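Below you'll find the structure, written out as structure tokens, and then a few comments.
The values are calculated or read from the model by the stated rules, or taken from the named source; none is laboratory data. The shown structure was predicted, so the numbers you read here are calculated from the model rather than taken from an experiment. Virtual Cβ from ideal backbone geometry, glycine too; neighbours counted across all protein chains shown.
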Amino acid sequence: MSAIIIREGKQVKTRIILVALLLIPSSMGMAQSVSMKGESLDKVQVLALVLGDVPSSRVATLVVERGITFQPKNSFLDLLKKVGADDGVITAVRVAERPPDKPDPDAGPSRDAPLDRDQILNLLLTGMDSDVLTDLVSSRGIDFEPYDEYLHAYQIAGAKADVLGAIRQAGQSKLGASTMTMTAHEAMHPKSAAGAPTAKIVHMSGEMEATRLISQAPPEYPQVARIARVQGTVRLAAMIGTDGSVEELEVISGHALLIKSTIDAVSRWRYQPYQLNNAPVEVQTEIDVRYVLVN
């Protein structure tokens, strides 16, 4: 999940991943900074970025600034080249920092634990038989929500329909049918009930959708919240329209004193429109805006 961080108080210098550093004078003559700092990227996230519409220069920047969770072996680098990664992205992956306290995902899945994103990709890259991998996913389950961009990455890496179906089913078992995402094909050709409208909606993780942010009005830290020393995260469910504008926002959680300023700002954000098969589609996602008081 990506997060926008609003810091109030003295001027704070923060490295920004997805947006340039923005300094906003407050009514008290101080400054606020808005930053987006995400966790290190795993293999599937890097592959999904390359497969998406994110410019190569932005992918390389994200990889270097955020680091990666894995050792970039030749099999993965070859896959990146196959799907169109340029030399800048390949070099960024080679030189990106890997957090020393992270376990090596290439060590393989433990005996009973659910599979994570990287482990499934590693097994695909080793050429594991489709039936065996399907059984493994079905028996172990997964520890992530199978967003569309991840399923597409697996398909490019060689996952067949039965493997993708097992991943979707595992996600449904873990998260419930109400949160199940659609594949790209299902988004364009949904099996709607007779007489029901045909929906063209893709569920995108907040982290991935944040890479498509092209215009951002930073929220103001409400003065009453500053006085009351209120801080915390406002989480929104968002619907991004086919033109990239924010069409719908729903509050999932957050302090009442922070909600209005968050909605006022986020409603003016614009994203790069998302397309499937050269047709624009709406995107469901979540947005985190975190307010932090700095002494």
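Report those helices (runs of 4 or more DSSP H) wholly inside segment 41-92 carrying at least 3 residues which are more than 14 Å from the chain's Cα centre (by Cα) and of a type outside the set (A, V, I, L, M, F, W, C).
Those helices (runs of 4 or more DSSP H) span 56-66, 74-82.
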Quick one: which residue in ARG235, ARG270 is under 25 Å from LEU151 (Cβ atoms) and not aromatic (Phe, Trp, Tyr)?
-> ARG235
Considering (1) among the hydrophobic types (A, V, I, L, M, F, W, C); (2) modelled with pLDDT of 50 or more; (3) in contact with a strand residue (DSSP E or B) (Cβ under 8 Å, 6 or more places away or on another chain), say which one LEU79 fails and leave the rest.
-> (3)
Candidates GLN216, GLN272, filtered to the one that is under 30 Å from GLY52 (Cα atoms), surrounded by fewer than 19 Cβ atoms within 10 Å (Cβ to Cβ) and in contact (Cβ under 8 Å) with a residue 40 or more places away in the chain | GLN272
Would you mind finding the one in GLY206, GLY127 that is at pLDDT 80 or above, at positive phi and either exposed (fewer than 14 other Cβ atoms within 10 Å of the Cβ) or not assigned by TED's automatic domain parsing to the domain that holds ARG58 (or both)?
-> GLY127
Right, ARG235: charged (D, E, K, R), surrounded by 18 or more Cβ atoms within 10 Å (Cβ to Cβ) and either touching a Pro at 6+ places or on another chain (Cβ under 6 Å) or within 21 Å of VAL50 (Cα to Cα) (or both) or not?
-> no
